[in-house]
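Here the structure comes first, spelled out in structure tokens, and everything after it is commentary.
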Amino acid sequence: MANNTTNVLASGIEIIGSIRFQNDMTIDGKVDGEIQSDKGKVTIGEMADIKGNIHAGEVHVYGHVKGNVKSDRCHLNNNAVVSGDITTGVLSMDEGARLKGRAEIG
């Protein structure tokens, strides 16, 4: 199995419950539950609406997250809205990104 597999949750799909994955995942749908990966990268797309905590190696947010984010690296795009706390090794935010919570970096 290839290591560069990307899982996609397209817009229009709604999941209630936890998501666990190994490689990379792009989410553009709605998730009401925890998103978890030990080392993988998760991209929260512009159409995404997440209600739950995210724990992954790398997190890129373009959409809306209501929950805490824990990662090694986290990037908030200019349209991102995160309502929750971020705990990460490295945080980068584009101008316009919104964080309603605390950030613990390092």
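The values are calculated or read from the model by the stated rules, or taken from the named source; none is laboratory data. The structure displayed is predicted, hence computed values, not measured ones. Cβ sites come from the backbone with ideal geometry, for glycine too, and all protein chains shown count toward neighbours. Protein only, heavy atoms only, side chains kept; ligands, DNA and RNA dropped before computing areas. Shrake-Rupley method; radii C 1.70, N 1.55, O 1.52, S 1.80 Å.
Do you know which residues across the stretch 73-83 are open to solvent by 10 Å² or more (accessible area, probe 1.4 Å) and part of a loop (DSSP other than H, G, I, E, B)?
Matches in the stretch 73-83: N77, N78, N79.
Find the residue count for the stretch 1-55, including only residues that are over 21 Å from N77 (Cα atoms) and in a strand (DSSP E or B).
Here the count works out to 6.
Taking the stretch 84-95 as the search range and keeping residues that are open to solvent by 40 Å² or more (accessible area, probe 1.4 Å) and assigned to a loop (DSSP other than H, G, I, E, B), which one is farthest from Q22 (Cα to Cα)?
The qualifying residue farthest from Q22 (Cα to Cα) is E95.
Residue-by-condition table, conditions (1) modelled with pLDDT of 95 or more; (2) at positive phi; (3) open to solvent by 10 Å² or more (accessible area, probe 1.4 Å):
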| position | (1), (2), (3) |
| --- | --- |
| G33 | yes, yes, yes |
| K39 | no, no, yes |
| G52 | yes, yes, yes |
| Y62 | yes, no, yes |
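Which of the numbered conditions does F21 fail, given that it passes all the others? Conditions: (1) touching an Asp or Glu at 6+ places or on another chain (Cβ under 8 Å); (2) of a type outside the set (D, E, K, R); (3) more than 20 Å from A103 (Cα to Cα).
Exception for F21: condition (1).
With respect to the numbered conditions (1) surrounded by fewer than 19 Cβ atoms within 10 Å (Cβ to Cβ); (2) closer than 19 Å to V31 by Cα; (3) in contact with a Gly (Cβ under 6 Å, 6 or more places away or on another chain), which one is the sole condition not fulfilled by K70?
K70 satisfies every listed condition except (3).
Residue-by-condition table, conditions (1) of a type in the set (S, T, N, Q); (2) under 26 Å from T5 (Cβ atoms); (3) under 11 Å from the mean Cα position of the chain (by Cα):
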residue	(1), (2), (3)
V42	no, yes, yes
V82	no, no, yes
D94	no, no, no
G101	no, no, no
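I'd like to verify a number: residues in the stretch 96-106 that are modelled with pLDDT of 95 or more, not charged (D, E, K, R) and not in a strand (DSSP E or B), how many?
Pass one, the stretch 96-106, residues modelled with pLDDT of 95 or more: 96-105.
Imposing the further condition that a residue be not charged (D, E, K, R) reduces the set to 96-97, 99, 101, 103, 105.
Pick out the ones that are also not in a strand (DSSP E or B) and you get 96-97, 101.
Total satisfying the criteria: 3.
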